[in-house]
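The values are calculated or read from the model by the stated rules, or taken from the named source; none is laboratory data. Since the model is a prediction, treat every value here as computed from it, not as a measurement. Cβ: placed from backbone, ideal geometry, glycine included. Neighbour counts: every protein chain shown. Surface areas here come from the heavy atoms of the whole protein model, side chains and all, with no ligands, DNA or RNA. Shrake-Rupley method; radii C 1.70, N 1.55, O 1.52, S 1.80 Å.
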Amino acid sequence: EAQVTQNPRYLITVTGKKLTVTCSQNMNHEYMSWYRQDPGLGLRQIYYSMNVEVTDKGDVPEGYKVSRKEKRNFPLILESPSPNQTSLYFCASSKPGGSVDTQYFGPGTRLTVL
Amino acid sequence: AQSVTQLGSHVSVSEGALVLLRCNYSSSVPPYLFWYVQYPNQGLQLLLKYTTGATLVKGINGFEAEFKKSETSFHLTKPSAHMSDAAEYFCAVSESDSWGKLQFGAGTQVVVTP
């Protein structure tokens, strides 16, 4: 089954404790991206990657890091989380130029930073 | 720089009535435009997209959208609302066909009443 998986789905942590949210896709997609969703703000892009070892900043990259060492994985790293990073996070993948059904979002990770 | 404005954060529609969700964008280059739907506690699903060619785009679940360059709009419509259409809808714009830097609107919550 074609899918994007994220782990963990729910996470409560404390300020300053490094954490990683994993994202993996099984569709051999070149493009992957991370978003955060906050009420009234919609989704804001954090980072995206056009292919292995190619990443670029989205609109809200501060406080986040990413890496793309393998095509299937695109982890999101919070080196020193702060309460303003409490949010719902989505990973997505796609094949550039594909048809309407080739954009996939993961189920989301709800992060709370105390 | 690109941006997206969705008019109306909440829309209530009767079952069987027309659904109209408004989206206006700004972009310095020809845009690529998207509509996504998010059902409760789920990730986003691509409804339809406009890249080039025909300005009336048909998507899944009976939705369609029309790209109007002169009005910088990409409104989403469905002739007859169904209870299952209750969800949050997001308009998004990108300046590349690979959906690299994707900008989302704040979202419109649709409520369908019997």
Flagged as over-length at 18 Å C-alpha distance, from B:Lys49/B:Lys78; B:Lys78/B:Lys101; A:Lys65/A:Lys95; B:Lys49/B:Lys69; A:Lys69/B:Lys49; A:Lys95/B:Lys49, the pairs are B:Lys78/B:Lys101; A:Lys65/A:Lys95; A:Lys69/B:Lys49
Debye equation applied to the C-alpha atoms of the protein assembly as shown, log10 I(q)/I(0) at 0.11, 0.14, 0.16 Å⁻¹: -0.54, -0.87, -1.11
Heavy-atom accessible area per residue, chain A, 1.4 Å probe: how many Å²? 47 Å²
Tell me, what is the per residue accessible area of chain B in Å², probe radius 1.4 Å? 45 Å²
Which residues' amide hydrogens lie under 5 Å from the amide hydrogen of B:Leu48, considering only partners 5 or more residues apart or on another chain, with H built in the peptide plane? B:Trp35
Just to confirm my numbers, what's the Cα centroid distance between the stretch B:60-114 and the stretch B:31-57 in Å? 6 Å
Using the Cα centre of chain A as origin and beta-carbon charges of +1 (Lys, Arg) and -1 (Asp, Glu), tell me which of A:Leu41, A:Gly16, A:Asn73 is placed farthest towards the positive end of the dipole. A:Gly16
With +1 on the Cβ of every Lys and Arg and -1 on the Cβ of every Asp and Glu, and nothing else charged, how large is the dipole of chain B about its Cα centre, in debye rounded to the nearest 20? 140 debye
Taking chain A as a Gaussian network, where each spring joins two C-alpha atoms under 10 Å apart, which residue of A:Lys57, A:Lys71, A:Lys18 fluctuates the most? A:Lys18
I want to verify a result. In a Gaussian network model of chain B, Cα cutoff 10 Å, which of these has the top mean-square fluctuation: B:Ser27, B:Ser73, B:Ser84? B:Ser84
In chain B, what percent of the accessible surface is made up of carbon and sulfur (1.4 Å probe, ligands and nucleic acids excluded)? 53 percent
Whether chain A is rounded, prolate or oblate, judged on the alpha carbon gyration tensor where a/c under 1.5 counts as rounded: prolate
Averaged over the residues of B:83-93, the number of partner chain Cβ atoms within 10 Å of each residue's own Cβ comes to 1
Along the dipole axis of the protein assembly as shown (charges at Cβ: +1 for Lys and Arg, -1 for Asp and Glu; origin at the Cα centre), the most positive-end residue among B:Val93, B:Pro114, B:Asn24 is B:Val93
To the nearest 0.05, what FRET efficiency results for B:Asn61 and A:Leu41 with a Förster distance of 41 Å applied to their C-beta separation? 0.95
In the stretch B:38-54, the residues losing 40 Å² or more of accessible area (1.4 Å probe, heavy atoms of protein chains only) relative to their chain alone are B:Leu44, B:Leu46, B:Lys49
³J(HN,Hα) across the stretch A:30-46 via Karplus (A = 6.51, B = -1.76, C = 1.60, θ = phi - 60°), whole Hz, x for Gly/Pro? 6, 9, 9, 8, 10, 10, 10, 10, 10, x, x, 10, x, 9, 10, 7, 9
Solvent-accessible area, 1.4 Å probe, carbon plus sulfur percent, for chain A: 51 percent
Chains A and B: what accessible area do they bury, summed, in square angstrom to the nearest 100, with a 1.4 Å probe? 1800 Å²
Please state the charge dipole magnitude for chain A, taken about the Cα centre, from unit charges on C-beta atoms (+1 on K and R, -1 on D and E), reported in debye and rounded to the nearest 20. 280 debye
Ordered by number, the residues of the stretch A:29-43 with at least 50 Å² less accessible area in the assembly than alone (1.4 Å probe) are A:Leu43
Treating only the Cβ atoms of Lys and Arg (+1) and Asp and Glu (-1) as charged, compute the dipole magnitude of the protein assembly as shown about its Cα centre; round to the nearest 20 debye. 440 debye
Relative contact order, percent, the stretch B:1-111 [alpha-carbon distance under 8 Å, six or more residues apart]: 37 percent
Given Cβ charges of +1 for Lys and Arg and -1 for Asp and Glu, the option among B:Tyr50, B:Pro40, B:Ser14 whose Cα lies farthest towards the positive end of the dipole of the stretch B:1-100 is B:Tyr50
Using Cα springs under 10 Å in a Gaussian network model of chain B, which residue among B:Ser12, B:Ser80, B:Ser28 shows the largest mean-square fluctuation? B:Ser28
